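Encoded as structure tokens, the structure appears first; notes follow it.
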């Protein structure tokens with residue numbers, strides 16, 4: 001099932017929830033490229049896709065590990081532009 005996310009300027013909680021949702025079909029362990037490809041195929045928002053592209057080039061063992069490595073400080077920095 002493909003979900004489409006179209007929110008912009010999402011908060012950290014929304015980013016984590018969306019990431020967990022779109023990565024349900026990843027067969028872990030998976031590398032960054034596999035994670036990014038699955039997220040795109042599952043309709044991840046541009047925000048989530050951009051954050052996944054900023055992940056370190058490594059193998060991930062679970063969704064939890066992917067989420068823990070997301071550069072969440074980027075979300076905060078971007079959000080401050082709109083305050």
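General observations
- Number of residues in the range 25-35 that are in a helix (DSSP H, G or I) and either free of Cβ contacts under 8 Å to residues at least 24 places away in the same chain or at positive phi (or both) equals 2.
- Any hit, the range 17-24, residues being in contact with a helix residue (DSSP H, G or I) (Cβ under 6 Å, 6 or more places away or on another chain), at pLDDT 95 or above and assigned to a loop (DSSP other than H, G, I, E, B): yes
- In the range 36-65, the residues that are touching a helix residue (DSSP H, G or I) at 6+ places or on another chain (Cβ under 6 Å), touching a residue at least 24 places away in the same chain (Cβ under 8 Å) and surrounded by 18 or more Cβ atoms within 10 Å (Cβ to Cβ): 42, 44, 48, 52, 60, 63
The values are calculated or read from the model by the stated rules, or taken from the named source; none is laboratory data. For clarity, every value in this text was computed on a predicted model and none was experimentally measured. Quick reminder, even Gly has a Cβ in these numbers, built from the backbone with ideal geometry, and neighbours come from all protein chains shown.
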